[in-house]
Amino acid sequence: MPKEKKDYGRIDFRDQIAGNKLKSFFLMVVIFAVIVLFGYVISFAFEPGYFFIIMIISIVFSMFYLLISYYNSDKIALASVRAKLADRTQYRQYYSIVEGLTIASGMPMPKLYIMPSQQINAFASGRNPRNSVICVTEGALNKLNKEELEGVLAHELSHVANYDIRFMTLTAVMVGMIAIISEIFLRSMWMRGSSDDSKGKGIFILIGLVLAILAPIFVQLVQLAISRKREYSADASAVKFTRYPPGLINALKKIRSENSPEKKIPKAVAPLFFANPFSAGFKELTSTHPAIEKRIEVLEKM
């Protein structure tokens with residue numbers, strides 16, 4: 001009998017989840033390394049005490065942002081898109097699918113919301129599985145069949161299960177710290193002048209200026225890369241929950257065929273969504289979401 005050939009092109013969803021989590025962690029380390037490098041340069045360019053003042057100010061502002069975002073992320077997101085609590089009687093299938101997914105995954109039931117939009121989309125928010133919400137558009141409920149809707153909802157439930165909101169909030173805080181440090185450093189240089197700088201300090205000041213300009217841009221691109229990796233992980237976790245990749249694949253294909261950017265969604269909450277709500281023709285490097293074609297390609301190998 002001929003030996004069965006292994007399909008080395010297939011992707012195991014467990015490997016996909018683990019790999020993307022590892023890449024996300026590595027990218028977080030890169031952001032932390034930029035903070036350390038920036039601080040090292042500033043400590044040589046100015047007195048060490050000056051560096052600690054900058055760090056204290058940036059940490060205070062960042063922690064303030066963290067507390068507000070972390071404990072109110074769901075309320076802010078729902079209010080910004082004018083979402084309303086879904087009525088159980090009117091949206092029976094919606095509740096039935098999510099209840100089935102939570103039972104299969106052992107997760108608590110999130111609160112379910114509807115947002116007024118004919119675009120196919122959804123998002124999840126909340127600081128942990130016990131304080132989470134899932135929101136879908138009217139278009140998703142009207143245009144997707146049961147298997148497709150289950151795939152989208154499993155993806156969003158995966159974000160909750162993987163604590164992605166907490167992870168991305170922490171990333172945003174670290175990126176915010178670098179932005180604050182850069183701003184303070186540049187303003188201090190403007191106020192201070194360079195007449196009393198030695199040649200040694202002048203070199204570090206020059207390096208500091210370059211970092212102050214480029215570091216915020218670089219870490220923002222890293223933040224976007226982390227966001228894209230979390231989307232791939234959520235797709236893989238959705239397959240783990242449903243064991244039916246075609247549902248999610250067909251939902252993505254329907255989204256790809258749409259050509260109606262959503263202009264009513266604030267850009268600040270766009271990273272939460274299942275798919276980029278603004279345009280299908282975005283550049284992936286500067287997007288929070290992977291290209292739909294790439295997501296479909298990966299899912300078709302599972």
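The values are calculated or read from the model by the stated rules, or taken from the named source; none is laboratory data. The shown structure was predicted, so the numbers you read here are calculated from the model rather than taken from an experiment. Glycine gets a Cβ as well: all are built from the backbone with ideal geometry, and neighbour counts include every protein chain shown.
Restricting region 109-151 to residues that are in a strand (DSSP E or B) and of a type in the set (Val, Ile, Thr) leaves a set whose member that is farthest from GLU231 (Cα to Cα) is ILE114. Scanning region 208-229 turns up one or more residues that are more than 19 Å from ILE53 (Cβ to Cβ), touching a Pro at 6+ places or on another chain (Cβ under 6 Å) and at pLDDT 80 or above. In region 154-169, the residues that are free of Cβ contacts under 8 Å to residues at least 12 places away in the same chain never reach a residue that is surrounded by fewer than 24 Cβ atoms within 10 Å (Cβ to Cβ) and in a loop (DSSP other than H, G, I, E, B) with C-beta atoms less than 9 angstrom apart, at least six apart or across chains. Using the structure shown, decide if SER105 is surrounded by fewer than 21 Cβ atoms within 10 Å (Cβ to Cβ), among the hydroxyl-bearing types (Ser, Thr, Tyr) and within 24 Å of SER233 (Cβ to Cβ). Considered against the rule, which asks whether it is surrounded by fewer than 21 Cβ atoms within 10 Å (Cβ to Cβ), among the hydroxyl-bearing types (Ser, Thr, Tyr) and within 24 Å of SER233 (Cβ to Cβ), SER105 comes out as yes. From the list PRO110, PRO116, the one residue that fits, being crowded, with 18+ Cβ neighbours inside 10 Å and within 17 Å of ALA86 (Cβ to Cβ), is PRO110. Considering only residues in region 76-95 that are out of contact with any strand residue (DSSP E or B) (no Cβ under 8 Å at 6 or more places or on another chain) and assigned to a loop (DSSP other than H, G, I, E, B), the one that is farthest from ILE265 (Cα to Cα) turns out to be THR89.
Filtering region 232-252 to residues that are assigned to a helix (DSSP H, G or I) and surrounded by fewer than 20 Cβ atoms within 10 Å (Cβ to Cβ) leaves LYS240, PRO246, ASN250.
Scanning region 253-277 for residues that are among the basic types (Lys, Arg) and assigned to a helix (DSSP H, G or I) yields a count of 3. Considering only residues in region 111-152 that are polar (S, T, N, Q) and more than 21 Å from the chain's Cα centre (by Cα), the one that is farthest from LYS254 (Cα to Cα) turns out to be SER117. The residue of region 29-75 that is modelled with the lowest pLDDT, among those that are among the polar types (S, T, N, Q) and more than 24 Å from ALA270 (Cα to Cα), is SER58.
Filtering LYS254, LYS199 for residues that are more than 20 Å from the chain's Cα centre (by Cα), at pLDDT 90 or above and not aromatic (Phe, Trp, Tyr) leaves a single hit, LYS254.
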